[in-house]
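Readers should treat all values here as calculations from the given coordinates under stated rules, not as data from a laboratory. On a predicted model such as this, the values are computed, not experimentally measured, just so you know. Note that we place each Cβ from the backbone using ideal geometry, even for glycine, and neighbour counts take in every protein chain shown.
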Amino acid sequence: MVYFFEKRGDGMPRVTLVDVFKHRITQKYLRRSGIHHAVTVAGHAFKLAVKKGVSPDLAAKAALLHDMGHYEWYKDGKWDYEEYRKHDIHAIKGAERAHKLLIRLGEDRLVAKEVSLAVLLHTDSYLPFSLSEQRTLLQEVVEEADRMDEQPHGLHHYNVMTPSDAVKRLNRLDQKITDYYENRFEG
Ligand SMILES: [Fe+2]
């Protein structure tokens, strides 16, 4: 299903990536997994979504929020991978947080649900079964976009981007999404 939200049915304007980024819930939780990773994955998701005919609005939003459920597994100042692997449920937490945040921002409820599901299923590392072949196209796009930015030992979570750079990049991405829906996007 492709959603077109350049004009919502209820006449409300589209909730932008910048709106999402600036909200205090995002600000509180996005820093844990890194702004750089979130914004980079949103960019990858936009391109993949356009290529695969999935809504770039939903894909970029889900990608931006996909890791907002991370808990900080620090022990003596170091990330404890064993604890993380054993107890991590960041996709579940993230899905709930993303949904709450989008609803608070006045997001369309269908968008909020689809984005939340894409966050929930962007990884199957916490599940007792594999999700391969079972994801929707949107969920596949978010999973693939995340993998594109992955670096060994979780180093992608440590790349740095200032909040003002993030806003600039997300602004450009918002413009591309608008252009896409208004048939002005040229790749
Ligand atoms: Fe990620």
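Annotations for the structure displayed:
- Cβ crowding within 10 Å ranks Ile25, Ile92, Ile35, Ile177 as Ile92, Ile25, Ile35, Ile177, fewest other Cβ atoms first.
- Dipole-positive endmost among Leu131, His36, Leu48 within the stretch 17-180 (Cβ charges, Cα centre): His36
- Charge context of Ala60, other residues only, Cβ under 12 angstrom, K/R +1, D/E -1: +4
- Cut-off 14 Å between beta-carbons: net charge of the residues surrounding Glu83, Lys and Arg +1, Asp and Glu -1: -1
- Net charge, Gln134 excluded, C-beta distance under 12 Å - Lys, Arg +1, Asp, Glu -1: -3
- With at most 11 neighbouring Cβ atoms within 10 Å, loop chymotrypsin sites (Phe, Trp or Tyr not before Pro) (DSSP) excluded, longest segment of the chain: 5-128
- Across the chain, the relative contact order, built from alpha-carbon pairs under 8 Å that are at least six residues apart, equals 30 percent.
- Hz values of 3J(HN,Hα) by residue in the stretch 71-76 - Karplus curve (6.51, -1.76, 1.60), Gly and Pro given as x: 9, 8, 8, 8, 9, 6
- In terms of distances greater than 29 angstrom between alpha carbons, the cross-link table entries Lys22/Lys86; Lys52/Lys113; Lys51/Lys78; Lys86/Lys168; Lys28/Lys52; Lys22/Lys176 yield Lys22/Lys86; Lys51/Lys78; Lys86/Lys168; Lys28/Lys52.
- Neighbour-count ranking [beta-carbon atoms within 10 angstrom, fewest first] of Thr162, Thr16: Thr162, Thr16
- In plain terms, the chain from Glu150 to Asp179 could stretch by 7.6 nm, reckoned as 0.36 nm per residue minus the Cα-Cα distance.
- Our coupling estimate for the stretch 115-123, obtained by passing each phi through the Karplus curve with A = 6.51, B = -1.76, C = 1.60 and θ = phi - 60°, is 5, 4, 5, 5, 5, 4, 10, 6, 9 Hz, Gly and Pro reported as x.
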